[in-house]
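Below is one structure; the comments refer to it alone.
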Amino acid sequence: MTSGNHIIETKDVHLYYGEKEAIKGVSLNFLPNEITALIGPSGCGKSTYLRTLNRMNELIPNVTVTGNVSFENKDIYSPKMDTVELRKKIGMVFQQPNPFPFSIFENVAYGLRIAGMKDKTKIAEIVEASLKKAAVWEDVKDKLSKSALALSGGQQQRVCIARVLAVEPAIILLDEPTSALDPVSSGKIERMLLELKEDYTMIIVTHNMQQASRISDKTAFFLDGHLIEHGETRQIFTNPQRKETEDYISGRFG
């Protein structure tokens, strides 16, 4: 199953909150420039698994992760791994938009400044390019000095995506990025993600079956901490191999 083509490979990943096992031996690999949807009922472990891919679970007390997670053939749980660098390369977008209480410009420039970039012209170029990629430039170009908190929820989420893009990640993890948004904003974000796929690998947790079927290349179905089925999205939705997958997709449970 492993191959040099995979950008992330996970093998027999278990995660424990104290004594409670939340992820139960998941092996799952991801190809570059694909969108993979992680689906399953609430509490099935999909968001927890997503956070193992850039070590975000380490911010929670009493978490233990076993198994292997490699990014570009490097073990991300190695003591030598720089987590700041790792999280630049594997960026994260959360369910609730979380702009910093700064101007729109400074939100997007934040990671660049942290990395020590001083060139104002270069920073301005990257901020503009990132906002354009995040499909929000036209909305905000005349108010870059205004607080990002004054934007609508959908605009805030796209500014947060621009903030991730500014530091040039290889992978973007998205934890239900549209669940707090209205359908119009959700549609804009979906279209933007499809455009971004040319340059990035994306892994998205979603409860929205229609969203998963619209935008993802591959789908992985989680249940009770187990990976039940993984394959081409069209196959998972039209011809699932496992009864649990079929029951979930057809709305018979969850």
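Any read-out appearing in this document is the output of simple, stated calculations on the displayed coordinates, not a laboratory observation. Here the structure is a predicted model, which means the values were calculated and not measured. Note that each Cβ is placed from the backbone with ideal geometry, even for glycine, and that neighbours are counted across all protein chains shown.
The table below lists the values:
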{"read-out": "Helix 183-196 vs. the chain, principal-axis angle (Cα, 0 to 90°, nearest 10)", "value": "90 degrees"}
{"read-out": "Of K80/K218; K24/K218; K24/K80; K120/K146, those spanning more than 28 Å from alpha-carbon to alpha-carbon", "value": "K80/K218"}
{"read-out": "Chain lengthening between R191 and M81 when straightened (0.36 nm per residue, less Cα-Cα)", "value": "36.2 nm"}
{"read-out": "D (Stokes-Einstein, µm²/s), Kirkwood Cα radius, the range 88-186, 1.002 mPa s at 20 °C", "value": "161 µm²/s"}
{"read-out": "Added length on full extension, which subtracts the Cα-Cα distance from 0.36 nm per residue, K141 to S27", "value": "36.7 nm"}
{"read-out": "Structure-based [θ]222 nm, the chain - -39500 (n - 2.57) summed over DSSP H runs of at least 4, per residue, nearest 500", "value": "-10000 deg cm²/dmol"}
{"read-out": "GNM top mover of T121, T66, T48 - the chain, alpha-carbon springs below 10 Å", "value": "T121"}
{"read-out": "Computed E for H226/K132 - FRET, C-beta separation, R0 45 angstrom, nearest 0.05", "value": "0.65"}
{"read-out": "Of L194, L131, L59, the one that fluctuates the most in a GNM where the chain has Cα springs shorter than 10 Å", "value": "L59"}
{"read-out": "Label-to-label distance, nm, for residues given as A124 and N68 (7 Å Cα→Cβ offset)", "value": "4.9 nm"}
{"read-out": "Using alpha-carbon coordinates, inclination of helix 120-133 to the longest axis of the chain, degrees", "value": "50 degrees"}
{"read-out": "Per-selection Kirkwood Rh - the range 143-195 (Cα, Å, 1 d.p.)", "value": "11.9 Å"}
{"read-out": "With Cα atoms, 0 to 90° folded angle of helix 153-166 axis to the chain main axis", "value": "90 degrees"}
{"read-out": "Selected from P101, P169, P32 as most flexible by GNM, with the chain as the system and alpha-carbon contacts under 10 Å", "value": "P101"}
{"read-out": "Selection from I35, T83, P99, by position along the positive dipole direction of the chain (Cβ)", "value": "P99"}
